[in-house]
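Chemist: Provided herewith is a single structure, encoded as structure tokens, for subsequent inquiry.
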Amino acid sequence: MVASFALRGLCRARAALRCDLAELLWVPRRGHRLTPADDELYQRTRISLLQRESPQSMYIDSYSSLGFMVNGNRVLGPCALLPHSVVQWNVGTHQDITEESFSLFWLLEPRIEIIVVGTGDRTERLQPGVLQAMRQRGIAVEVQDTPNACATFNFLCHEGRVTGAALIPPSGGTVLTTLAQAAE
């Protein structure tokens with residue numbers, strides 16, 4: 001009796017195995033033969049972890065009407081971001097920006113390629129003489145409102161460009177805005 005149950009179970013398992021084996025061996029019909037380079041099924045998968053490539057690079061985490069959060073450190077008021085440091089920037093509005101206030105950017109080595117200027121809530125025009133002086137020294141100047149200037153600075157730093165930022169906090173509420181929230 002036990003032997004008949006075992007034999008019956010074995011036959012059922014064998015039939016199920018035969019069906020599964022046929023399904024496993026089924027290959028889609030193609031008009032041409034694939035080589036390992038042709039089909040993604042044969043290629044190896046590579047995984048790269050997303051990390052900051054250079055821990056010394058600057059990154060603006062967030063901004064508010066009081067200042068900025070740079071690499072986890074709070075900076076109050078207008079600031080100048082250099083490739084490896086942050087300094088207070090002695091300007092109040094875009095009208096206070098002069099050739100002298102930009103002098104720290106052209107004194108540095110390695111030379112800064114581009115300066116991103118954040119002028120507060122709105123994009124404001126800088127004095128033509130200031131832009132001309134920067135152009136003569138071989139430094140490009142990008143003037144934007146502060147939220148977009150923060151995003152542009154982060155993007156340029158991520159690309160590995162030698163960039164600086166001159167940022168005036170946007171006026172308004174004191175709510176801390178992360179750059180991810182601003183992008184939405």
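The values are calculated or read from the model by the stated rules, or taken from the named source; none is laboratory data. Fair warning: this is a prediction, and the values are worked out from it, not measured in the lab. Ideal geometry is used to build each Cβ from the backbone, glycine not excepted, and the neighbour counts take in all protein chains shown. Side chains included, ligands, DNA and RNA excluded: accessible areas come from the protein's heavy atoms. Shrake-Rupley method; radii C 1.70, N 1.55, O 1.52, S 1.80 Å.
Chemist: Test GLU113 against the stated conditions and say whether it is of a type outside the set (A, V, I, L, M, F, W, C), at pLDDT 90 or above and within 19 Å of ILE139 (Cα to Cα).
Modeler: yes
Chemist: Determine if the range 155-164 includes at least one residue that is open to solvent by 50 Å² or more (accessible area, probe 1.4 Å), over 19 Å from VAL75 (Cβ atoms) and assigned to a helix (DSSP H, G or I).
Modeler: Our first condition is that a residue be open to solvent by 50 Å² or more (accessible area, probe 1.4 Å); within the range 155-164, this holds for 155, 158-161.
Filter once more, so that each one left must be over 19 Å from VAL75 (Cβ atoms): 155, 158-161.
Still in the running and assigned to a helix (DSSP H, G or I): 155, 158.
Within the range 155-164 (the criterion being open to solvent by 50 Å² or more (accessible area, probe 1.4 Å), over 19 Å from VAL75 (Cβ atoms) and assigned to a helix (DSSP H, G or I)), the answer is yes, since at least one residue qualifies.
Chemist: State all residues of the range 107-139 that are buried (at least 17 other Cβ atoms within 10 Å of the Cβ) and more than 26 Å from the chain's Cα centre (by Cα); if no residue qualifies, say none.
Modeler: Result: LEU126, VAL130, LEU131, ALA133, MET134.
Chemist: Take residues that are surrounded by 13 or more Cβ atoms within 10 Å (Cβ to Cβ) and modelled with pLDDT of 90 or more and tell me which of the strands (runs of 3 or more DSSP E) falling wholly in the range 37-101 contain 2 or more. Break it down into steps so the answer makes sense when it comes.
Modeler: Numbers: elements: 60-63, 67-70, 73-76, 79-82, 85-88.
Strands (runs of 3 or more DSSP E) meeting the threshold: 60-63, 67-70, 73-76, 79-82.
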